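See below for the structure under consideration.
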Amino acid sequence: MTPEQKRILVEMLCRTEALEAEPRLPLWASDYLEQTTELEHGPRVRPDFWGSNLTATEQRRFLRAAEQLADAGFLDAYRARGGRVTHLRLTDTGRDLAESLRALRDPKPLLWSDDQ
């Protein structure tokens, strides 16, 4: 498993736990549909999803690593009509592996700092 794949799994676990811990929005809230979609399909993949200071080449490398994890059964990739990945979700196997990987790391914040 590549360092990028390990980093993705641990980060997905952190993002998923943060998403699950958020209070549920009421039906009339403007972000209700987005929150419901993220709870169902996983965190939304945005241009800065892999980190705001990455080059385009590095971002493509992370996207390829995420696609490999999806092919291996560790992630579910939700695709929009055009085929572009819009959300990623850990599978049960992926969550177990991510929890194991996180247990091996320092308990530092994992939000894509460069010193990891």
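So here's what we get for this one:
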read-out	value
On Cα atoms only, tilt of 92-104 relative to the major axis of the chain in degrees	50
For a label point 7 Å along the Cα-to-beta-carbon line of Gln68, residues of region 1-35 with backbone N under 13 Å	1-9
Options [x] 17.3; [y] 15.9; [z] 14.9 - which one matches Kirkwood radius over Cα pairs in Å as calculated here	[z]
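Rule-based calculations on the coordinates, nothing more; no lab input. This structure is a prediction, so every number in the text was calculated from the model and none was measured. Here the Cβ is made from the backbone with ideal geometry for all residues, glycine too, and neighbour counts use every protein chain on show.
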